[in-house]
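J.: To start, I am sharing the structure in question, which I have written as structure tokens.
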2 protein chains.
Amino acid sequence: MKDGELKITFQPAGRSVFVLPHTSLVEAAGLAGIILQTPCGGKGTCGKCRVRVLSGRTSAAGQAAGGPLTERQLGDGYRLACRASAETPLVVEVPEESTFGAHLQILVGDTGEKGNLNPAVHKVHFRLPPPTSEDVRPDLARLRDAVGDVAVPADLLTEIPAFLRAHGWQGTAVIASGELAGLEPGDTVQETYGLGVDVGTTTVVGTLFRLADGAERGLASRMNSQIAFGDDVISRILRIRENAGALPELQHAILQTINDIIRAVCQQSGIPPERIYEVCVAGNSTMQQILCGFDPSALGEVPFVQVFDRAQTLSASRLGILANARAPLYVFPQIGGFVGGDTVAGMVAARLDRCERPVLLVDIGTNGEIVLSHGGDMLAASTAAGPAFEGARIRQGMRATVGAIEKVIIGEDVHINVIGNARPSGLCGTALIDAAAGMLRAGILDSTGRIVLPEEAPPGLAPALRARLQKDDGHARFVLVEADETATGEPICLWQRDIRELQLATAAIRAGIHLLLRRAGLSAADLGAVLLAGAFGNFIRRSEARRIGLLPQIPCDRIRFIGNAASLGAKLVLLSQEERRYAAEIREKTRHVDLSGDAEFQAEFAEAMIFPEADLDACSDH
Amino acid sequence: MKDGELKITFQPAGRSVFVLPHTSLVEAAGLAGIILQTPCGGKGTCGKCRVRVLSGRTSAAGQAAGGPLTERQLGDGYRLACRASAETPLVVEVPEESTFGAHLQILVGDTGEKGNLNPAVHKVHFRLPPPTSEDVRPDLARLRDAVGDVAVPADLLTEIPAFLRAHGWQGTAVIASGELAGLEPGDTVQETYGLGVDVGTTTVVGTLFRLADGAERGLASRMNSQIAFGDDVISRILRIRENAGALPELQHAILQTINDIIRAVCQQSGIPPERIYEVCVAGNSTMQQILCGFDPSALGEVPFVQVFDRAQTLSASRLGILANARAPLYVFPQIGGFVGGDTVAGMVAARLDRCERPVLLVDIGTNGEIVLSHGGDMLAASTAAGPAFEGARIRQGMRATVGAIEKVIIGEDVHINVIGNARPSGLCGTALIDAAAGMLRAGILDSTGRIVLPEEAPPGLAPALRARLQKDDGHARFVLVEADETATGEPICLWQRDIRELQLATAAIRAGIHLLLRRAGLSAADLGAVLLAGAFGNFIRRSEARRIGLLPQIPCDRIRFIGNAASLGAKLVLLSQEERRYAAEIREKTRHVDLSGDAEFQAEFAEAMIFPEADLDACSDH
């Protein structure tokens, strides 16, 4: 918890976040990974985002009568999350129907309704009448008459006659996508689990669900062990291109990471791995292909060709994943180039094709993925932002771990926040954005990205800031933390070259967004929403990111955090075959725009290197 | 060639048989394994069985004008095979359209038509445009756009990127039932073969076909190596029930037999085993289940339960069959109990559900399978005839190999024919039937199956026959060959106990036929045809078999040999997916009648032990 921040706890998930006063509950929930529905665009008219405040006080706006909530609901503590903001620490109950994917999550509740909880894997408990002279159906026909008309692989059929006779013609059939995937003694219908996995280049997150009711039973995340082979996808692809043995090594690495996660969630829940009957994976194209053992080499050169586009189903156990021996591994469909399964998963979670106004989905990372949805059409592109947002290539940059400056506020002086209540040892991506935005506002960074020299500083500049401008080999640098306050004993500065790196990273995203908007004949003002997905996107401060041009110039209330949308997408396809068909449909509808060879993109990119002049309203970010 | 027999050679198959004068060409063709179409029931009205006599003379009936053949056709040598019989040795050309399965075989001809030659496995040669910035389709989508929308197993997808790049984006795709089953460099479309296998308890026959045009490229048969584990299916099932390790041993034995056949046909044709892309198997339920590795133990006790009913598709290579690594193994659907895939295959070949009048399909063996088709309904039963027809349990019985008496004619004396121009060492099943029939006619065997004692012989009995009646421990025996003419120096006789064994075997088949007819409310006179399938059925003499009651009392021209119908059925499903659907349909339509627990059957069986009194017309059998 940082100074002045408020703790907001969301139930029944039990997740807490710390936010600044006046942060809207929609945003706070997003930070907690809970995506609330806001089909009206946060205007407070549809009532879909309603939550119930169990303790604490929200802003008056959230309590205004005349909206979609009744007096009685208001009296019971219900608020519109899009209008209500935190005034004190809060405990907030999130009704299942208010979340994205509510069509699915609604059935997790206690109503007992099944809705469209329809996982590809399910079980049927059966009791068969033993054969008699009047009933000489073959074993397989007898079983099918009880459990449905399933396909049966020959190796499993081999076991059926003995199984039925050894267990008194009773047991539980495991059925995966219409195919028999196992027979178990007794009634094990309730013991059916599945794992959703978001495979990131850096971080892998797995969630264990009970398939019978969608209940979450475990969650674990681990660093992707492929890190040892390179920080970003390009370095890993190069490794594979240059070394014939590297693909199996990298495949093994990610499989081990997934197995570590499985061990963790199984330990949390007391559920044995053989009760995991399906694994659903969403990752970028490179991660998905390596995981499957498909050579990603063609992603390492123009024109960036993928191996597959439609969803793949493999055998988890044949790959070496700790799960039931017959568990399928579902891998998300891919759109093209570097726009992979995690993007499709995010689009599924966000229902991206069903928005009334044009909407942009942005996942900022080493590769930024951008999808523009307008009138049912979707354009998707990826853009190489480089690792600046992860602190790489920044002179004193670092990942967002303990000791990293993660927030910079520039007023009369510089205020910072450090992760883990430690002395600062460097700065991470969010701080880089904050600092650049603050310096632009203070007039000590010009729109070309040049840090002004001390002698060029604007006359009204606060003296404390002026003192932080220092000359360095003909360029200027800006001191964020003096030497005596850092962990290293060295001052932490923003250097001219850092700003150049930030400009390159920002321009890549910005030019991608511009190009997609232009292709669709739209401008930023037409956007009903910008949805920020992914780990980094959920930590940036919108007004700062917008100030440097990383996000379009639209009001903050249209820029929304949607949390780990890829994980939610993986959960959805795990729990519902309709969602799987929807993922296929979304992929089919989306056109991939290859920016790499696009002449327009080069021009957009050059233009996007210049920071915007304008500054819109401030946002109530954390 | 035996005394007085005529050599008939059928082209283009090049198969020759030896028959007695006046044998109809339909029957001669059946002996050669060529099943001619006779939808009119052999009345000479439909013209479907027409053949062309290239050399030799046929009976006048075959040349009569006014039938479906034109004067010009008659002048060109065309004859109706159902009316024409052999007067001299003949060379006969069989037009493809005159054979059973003509809808398929027609395309084997030189017309170049494709008809419904539609094998489950086919190949597509492709040349893909390499990726460019304007065409960044994923490898898999690019391939699918060229070869069709096939499913691709993950392990094969693993190889695709490297294959396409190594071979200049060209090659040949193997497609099996809508799934990609291999990529091969170059254009190998013509090199696509499949194997049809008839797996009998005793004999296994394999035929190699070119799938592109249905041409036969090799044929081989081998003794089923499972013989070492027992002569009949029951002894093999018992072995499996008593010994946990026996199932894999027996499975290995039949797989080795199939591999021996594959080596033989590959050597004949110069085609490597990896160019065999599918194997289609028809066998009885026990053979099929053991081949698949499915435990047949439940066939070893009442109520005789099968493991499966619908067709199974397994991986041939995973079982260890010498074929392409991704070749599927198709195993015929089964009807119930001991009525298995060979029966379904025969029904497919005979188009059994499409007959205008009631038709009986009979396959006589250790297990007799009987199917009655009437008005689109079909009833199937199996009946345990025991091994008497194979020479077992007959005191001087033997298989139909060199030295076996295979034919007995009883006139003023006994005339015999021995296989292989050797001195006789025993008698096989056909001779047993001949001898019993002849003895019945001569009055030295009564209808209860008792061989009369010398002193009871009818007064008019020819002296040579009377001399052959000898007393043996209170019973009579009938000497077929005197001691000085045999290989062993012992006389070869028919003993009273041999007749009892024959009565049991015959009664099993006869009672089965009666029961099915009775279930359908029919009598033998209603039968439009009795089709004899299988090895043994094609060697018996119809009038003799009818005389002892093994076949119904109907005119010989309604009793037809249809050759190895199971092999033809296997060929049909190999070359056409429509035939495969038809096989599924036939199985679905057929009701299995379990004779084992049927009280009526016991009564029928007892009654069938008495030989018929009547004797109809003689047939012109070989």
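The values are calculated or read from the model by the stated rules, or taken from the named source; none is laboratory data. Because the structure is predicted, anything quoted here is derived from the model rather than measured. When we count neighbours, we look across all protein chains shown, and the Cβ atoms used for this are built from the backbone with ideal geometry, even at glycine.
J.: List, please: which pairs have Cβ atoms under 6 Å, are six or more places apart or on different chains, and start with a residue in segment B:35-58 that is under 16 Å from B:LYS7 (Cα atoms) and modelled with pLDDT of 90 or more and end with one that is β-branched (Val, Ile, Thr) and not in a loop (DSSP other than H, G, I, E, B)?
T.: B:VAL53/B:VAL92; B:LEU54/B:VAL91; B:SER55/B:VAL91
J.: Go through segment B:470-508 and count every residue that is within 33 Å of the chain's Cα centre (by Cα) and either part of a loop (DSSP other than H, G, I, E, B) or more than 30 Å from B:THR366 (Cβ to Cβ) (or both).
T.: 2
J.: Test each condition in (1) within 13 Å of another protein chain (Cβ to nearest Cβ); (2) part of a loop (DSSP other than H, G, I, E, B); (3) not hydrophobic (A, V, I, L, M, F, W, C) for B:GLY168 and report the one that comes out false.
T.: So B:GLY168 meets the others, but not (1).
J.: Here is a further query. Would you point out the residue of segment A:222-273, among those that are under 14 Å from A:LEU319 (Cβ atoms) and of a type in the set (S, T, N, Q), that is surrounded by the most Cβ atoms within 10 Å (Cβ to Cβ)?
T.: A:THR257
J.: Let me ask something additional. Keeping to segment B:90-118, report how many residues are touching an Asp or Glu at 6+ places or on another chain (Cβ under 7 Å) and modelled with pLDDT of 90 or more.
T.: 1
J.: Follow-up question, since we're still on this one. Count, please, the residues in segment B:282-317 that happen to be of a type in the set (D, E, K, R) and in contact with a strand residue (DSSP E or B) (Cβ under 9 Å, 6 or more places away or on another chain).
T.: The total comes to 1.
J.: A:ASP598 fails exactly one of the following numbered conditions: (1) farther than 27 Å from A:VAL204 by Cα; (2) away from chain B (no Cβ under 14 Å). What is the number of that condition?
T.: (2)
J.: Please go through (1) free of Cβ contacts under 8 Å to residues at least 40 places away in the same chain; (2) part of a loop (DSSP other than H, G, I, E, B) for B:ALA467 and return the number of the only condition it doesn't satisfy.
T.: The one condition B:ALA467 does not meet is (2).
J.: Could you please find all residues in segment B:151-165 being among the aliphatic types (A, V, I, L, M) and either under 17 Å from B:ALA325 (Cβ atoms) or assigned to a helix (DSSP H, G or I) (or both)?
T.: B:VAL152, B:ALA154, B:LEU156, B:LEU157, B:ILE160, B:ALA162, B:LEU164
J.: While we're on this one: Which condition does A:LEU180 not pass, out of (1) farther than 20 Å from A:LEU128 by Cα; (2) at pLDDT 95 or above, if it passes all the others?
T.: Here A:LEU180 meets the rest and fails (1).
J.: Restricting to segment A:583-595, name every residue that is closer than 18 Å to A:ARG310 by Cα and either within 14 Å of chain B (Cβ to nearest Cβ) or crowded, with 20+ Cβ neighbours inside 10 Å (or both).
T.: If the condition is that a residue be closer than 18 Å to A:ARG310 by Cα and either within 14 Å of chain B (Cβ to nearest Cβ) or crowded, with 20+ Cβ neighbours inside 10 Å (or both), then A:ALA583, A:ALA584, A:ILE586, A:ARG587, A:GLU588, A:THR590, A:ARG591, A:HIS592, A:VAL593 are the ones that fit.
So that you can scan it fast, the table gives a plain yes or no per residue for (1) under 30 Å from B:ILE335 (Cβ atoms); (2) of a type in the set (Gly, Ala, Ser):
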residue	(1), (2)
A:ALA154	yes, yes
A:ALA162	yes, yes
A:ALA181	yes, yes
A:ASP187	no, no
A:THR207	no, no
A:ARG210	no, no
A:GLY214	no, yes
A:ASN224	no, no
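J.: Out of the residues in segment B:378-421 that are basic (Lys, Arg) and surrounded by fewer than 19 Cβ atoms within 10 Å (Cβ to Cβ), state the one that is farthest from B:SER285 (Cα to Cα).
T.: Selected residue: B:ARG395.
J.: Another one. Name the residues in segment B:179-195 that are within 14 Å of chain A (Cβ to nearest Cβ) and closer than 30 Å to B:ALA345 by Cα, would you?
T.: Across segment B:179-195, the qualifying residues are B:GLU179, B:LEU180.
J.: Of the residues A:GLY171, A:GLY178, A:GLY200, which single one is surrounded by 19 or more Cβ atoms within 10 Å (Cβ to Cβ), touching a residue at least 24 places away in the same chain (Cβ under 8 Å), touching a Gly at 6+ places or on another chain (Cβ under 9 Å) and at positive phi?
T.: Within the list A:GLY171, A:GLY178, A:GLY200, the selection yields A:GLY171.
J.: Mind listing whichever residues of segment A:113-145 are more than 37 Å from the chain's Cα centre (by Cα), surrounded by 17 or more Cβ atoms within 10 Å (Cβ to Cβ) and either more than 14 Å from chain B (Cβ to nearest Cβ) or among the β-branched types (Val, Ile, Thr) (or both)?
T.: Answer for segment A:113-145, where residues must be more than 37 Å from the chain's Cα centre (by Cα), surrounded by 17 or more Cβ atoms within 10 Å (Cβ to Cβ) and either more than 14 Å from chain B (Cβ to nearest Cβ) or among the β-branched types (Val, Ile, Thr) (or both): A:PHE126, A:VAL136.
J.: Name the residues in segment B:346-361 that are of a type in the set (A, V, I, L, M, F, W, C) and either within 14 Å of another protein chain (Cβ to nearest Cβ) or crowded, with 24+ Cβ neighbours inside 10 Å (or both), would you?
T.: Across segment B:346-361, the qualifying residues are B:MET347, B:VAL348, B:ALA349, B:ALA350, B:LEU352, B:VAL359, B:LEU360, B:LEU361.
J.: Further question: Mind checking whether some residue in segment A:335-345 is in a loop (DSSP other than H, G, I, E, B), farther than 22 Å from A:ASN259 by Cα and away from chain B (no Cβ under 13 Å)?
T.: Within segment A:335-345 (the criterion being in a loop (DSSP other than H, G, I, E, B), farther than 22 Å from A:ASN259 by Cα and away from chain B (no Cβ under 13 Å)), the answer is no, since none of the residues qualifies.
Per-residue answers, yes or no, for (1) modelled with pLDDT of 95 or more; (2) more than 14 Å from chain B (Cβ to nearest Cβ); (3) in contact with a Pro (Cβ under 7 Å, 6 or more places away or on another chain):
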| residue | (1), (2), (3) |
| --- | --- |
| A:ALA253 | yes, yes, no |
| A:ILE262 | yes, yes, yes |
| A:VAL265 | yes, yes, no |
| A:GLN268 | no, yes, no |
| A:PRO272 | yes, yes, no |
| A:ALA311 | yes, no, yes |
| A:LEU319 | yes, no, no |
| A:ALA323 | yes, yes, yes |
| A:LEU329 | yes, no, no |
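J.: Please enumerate the residues belonging to segment A:298-309 that are within 9 Å of another protein chain (Cβ to nearest Cβ) and not acidic (Asp, Glu).
T.: Listed by number, the residues that qualify are A:ALA298, A:VAL302, A:PRO303, A:PHE304, A:VAL305, A:GLN306, A:VAL307, A:PHE308.
J.: Here is a further query. So in segment A:274-297, with the set limited to residues that are surrounded by fewer than 23 Cβ atoms within 10 Å (Cβ to Cβ) and of a type in the set (Gly, Ala, Ser), which one is nearest to the other protein chains (Cβ to nearest Cβ)?
T.: A:GLY293
J.: Now a separate question. I'd like to know if segment A:253-267 contains one or more residues that are more than 19 Å from A:VAL205 (Cβ to Cβ) and of a type outside the set (Val, Ile, Thr).
T.: No, because not a single residue in segment A:253-267 is more than 19 Å from A:VAL205 (Cβ to Cβ) and of a type outside the set (Val, Ile, Thr).
J.: Please find, among B:ASP213, B:ASP198, the residue that is of a type in the set (D, E, K, R), more than 14 Å from every other protein chain (Cβ to nearest Cβ) and part of a loop (DSSP other than H, G, I, E, B).
T.: B:ASP213
For (1) crowded, with 17+ Cβ neighbours inside 10 Å; (2) of a type in the set (Gly, Ala, Ser); (3) closer than 30 Å to A:ALA384 by Cβ, each residue gets a yes or a no:
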{"site": "A:PHE478", "(1), (2), (3)": "yes, no, yes"}
{"site": "A:ASP484", "(1), (2), (3)": "no, no, no"}
{"site": "A:GLN496", "(1), (2), (3)": "yes, no, yes"}
{"site": "A:ALA533", "(1), (2), (3)": "yes, yes, yes"}
{"site": "A:ILE540", "(1), (2), (3)": "yes, no, yes"}
{"site": "A:LEU550", "(1), (2), (3)": "yes, no, yes"}
{"site": "A:CYS556", "(1), (2), (3)": "yes, no, yes"}
